[in-house]
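**Q** Before I ask anything, let me first share the structure, which is written out below as structure tokens.
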Amino acid sequence: MDYSAQLDIAINNLHSEGRYRTFIDIERRRGHFPHAVWRKPDGSEAPITVWCGNDYLGMGQHPAVLSAMHEALDATGAGSGGTRNISGTTVWHKRLEKELADLHGKETSLLFTSAYIANDATLSTLPKLFPGLIIYSDALNHASMIEGVRRNGGAKRIFRHNDVAHLRELLAADDPKAPKLIAFESVYSMDGDFGPIEAICDLADEFGALTYIDEVHAVGMYGARGAGVAERDRLMHRLDIINGTLAKAYGVMGGYIAASARMCDAIRSYAPGFIFTTSLPPAIAAGAAASVAHLKRDHSLREKHQTQAKILKTRLKGLGLPIIDHGSHIVPVIVGDPVHTKKLSDMLLERHGIYVQPINFPTVPRGTERLRFTPSPVHGAAEMDNLIRAMDQLWSHCALNRAELSA
């Protein structure tokens, strides 16, 4: 085989479909979020406003977070020195796990290098702990959950997205004595809709199933202390395993599960994705712990975040744009074509200094390609006005002149 030629074919296929992903080099600058500097391919620079970041609350520049990271870095150095079971467990990791357990009202938590790894490692390990386990997975679960379920070698059932009746049918069709687990999300990040947590918990009780919820796009942003949608809806006690991230609302890096001490101990002892991975640097763990602790107390950022999302959706609707609004902080504008989506993204960046990454297949189904905006408390009135003007101008222009988009 001509390996180079085969690689060219694979990459060229993405180009021909308009799905080739390009990265732009940006430099975020503390104290100026959401503003950044775009380093162009020709070496020049231009100021931009980031409208697609996952640092939802701007905690990546918060003084409490930076101070904790500086303190830990100065005290311990750069890395952790090993895996968690070989010299890589520090007081900073234990402090963070204690904060997370308290956040979710669970006995303990288990820290991973990312929420992707936490999902993959946990879901792929559970059948080892519960022989014969059947996992019921929402059709729109995140890729990390899909990968974990796929790799575990056990039985799986896919229920239609948020379709509780279909989930019931699948549960009822299986052996009542078989161990079962229902895996789903609280906020689905591409459409911004909410999972039916209470209804799923009711089914879990009825059929004797465990519950596994991904709160990645909700922790820090929903609930009285930022524990997520399950806290907001007073349902945390009904969930067996809660997955979350430290890389979005908390502004740092890492992922975790929160559960019973027995569950976390078993995952810790059996999951290769935990056992054989170098632990997070202590400075990262310290910054994340400070962020979690701060957002347990600071309600204002959550409130302003929701307000900004509502304002942006209202103004985009006022332009007549096809947005999806399920009441969450996610603001998707449906374009419906990968080439057009990329062109709009490029024009927003080059003409207006607005950075929003195009979202194409396989992240979303074909025909639903979109621009996904993530407003935050650090996006002010001026940034909002500039975005609305740009979208109004470009959308109107593109509607009249599709030829430019297709060029």
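**Q** Consider region 184-199. How many of its residues are among the aromatic types (Phe, Trp, Tyr) and not in a loop (DSSP other than H, G, I, E, B)?
**A** Going through region 184-199 one residue at a time, the tally reaches 2.
**Q** Could you run through region 32-77 and say how many residues are assigned to a loop (DSSP other than H, G, I, E, B) and either on the phi > 0 side of the Ramachandran plot or over 26 Å from the mean Cα position of the chain (by Cα) (or both)?
**A** So the answer is 7.
**Q** Now for a separate question. Within the group Arg168, Arg234, which residue is closer than 21 Å to Arg297 by Cα and open to solvent by 30 Å² or more (accessible area, probe 1.4 Å)?
**A** Arg234
**Q** Same structure, new question: Can you say whether Gly148 is crowded, with 18+ Cβ neighbours inside 10 Å and touching a strand residue (DSSP E or B) at 6+ places or on another chain (Cβ under 8 Å), as far as the supplied structure shows?
**A** For Gly148, the condition - crowded, with 18+ Cβ neighbours inside 10 Å and touching a strand residue (DSSP E or B) at 6+ places or on another chain (Cβ under 8 Å) - is not met.
**Q** Follow-up question, since we're still on this one. Among the residues that make up region 24-40, is at least one of them β-branched (Val, Ile, Thr) and open to solvent by less than 30 Å² (accessible area, probe 1.4 Å)?
**A** Yes, because at least one residue in region 24-40 is β-branched (Val, Ile, Thr) and open to solvent by less than 30 Å² (accessible area, probe 1.4 Å).
**Q** Look through Asp202, Asp175 and report the one residue that is of a type in the set (Asp, Glu), part of a loop (DSSP other than H, G, I, E, B) and either modelled with pLDDT of 95 or more or at positive phi (or both).
**A** None of the others qualify; the one that does is Asp175.
**Q** Of the residues Phe130, Phe159, Phe194, only one is among the aromatic types (Phe, Trp, Tyr), over 25 Å from Ile275 (Cβ atoms), surrounded by fewer than 21 Cβ atoms within 10 Å (Cβ to Cβ) and at pLDDT 95 or above; which?
**A** Phe194
**Q** Check off (1) touching a residue at least 24 places away in the same chain (Cβ under 8 Å); (2) surrounded by fewer than 16 Cβ atoms within 10 Å (Cβ to Cβ); (3) under 22 Å from Asp102 (Cα atoms) for Leu210 and give me the number that stays unchecked.
**A** (2)
**Q** Please determine, by comparing only the residues of region 237-263 that are surrounded by fewer than 24 Cβ atoms within 10 Å (Cβ to Cβ) and farther than 30 Å from Arg28 by Cα, which one is nearest to the chain's Cα centre (by Cα).
**A** Asp240
**Q** For region 97-121, name all the residues that are buried (at least 23 other Cβ atoms within 10 Å of the Cβ) and either acidic (Asp, Glu) or farther than 18 Å from Met263 by Cβ (or both).
**A** Passing the criteria: only Asp120.
**Q** Of the conditions (1) assigned to a loop (DSSP other than H, G, I, E, B); (2) open to solvent by 40 Å² or more (accessible area, probe 1.4 Å); (3) of a type outside the set (Gly, Ala, Ser), Leu321 satisfies every one except a single condition; which number is it?
**A** (2)
**Q** Hey, another quick one. Starting from region 167-178, take each residue that is more than 23 Å from Glu198 (Cβ to Cβ) and in contact (Cβ under 8 Å) with a residue 12 or more places away in the chain and list its partners that are open to solvent by less than 100 Å² (accessible area, probe 1.4 Å) and among the β-branched types (Val, Ile, Thr), counting only C-beta distances under 8 angstrom and pairs at least six apart or across chains.
**A** Ala178/Ile134
**Q** Residue check, Val50 against (1) touching a residue at least 40 places away in the same chain (Cβ under 8 Å); (2) in contact with a helix residue (DSSP H, G or I) (Cβ under 8 Å, 6 or more places away or on another chain); (3) farther than 28 Å from Ala271 by Cβ, all met but one. Which one?
**A** Condition (2) is where Val50 drops out.
**Q** Let me ask something else. Can we say Glu383 is under 25 Å from the mean Cα position of the chain (by Cα), among the charged types (D, E, K, R) and either at pLDDT 95 or above or under 15 Å from Gly53 (Cβ atoms) (or both)?
**A** So Glu383 fits the description; yes.
The values are calculated or read from the model by the stated rules, or taken from the named source; none is laboratory data. Computed from a predicted structure; not experimentally measured. Don't worry about glycine lacking a Cβ; one is built from the backbone with ideal geometry, like all the others, and counts go over all protein chains shown. These accessible areas exclude ligands, DNA and RNA; they are computed on the full protein's heavy atoms, side chains included. Shrake-Rupley method; radii C 1.70, N 1.55, O 1.52, S 1.80 Å.
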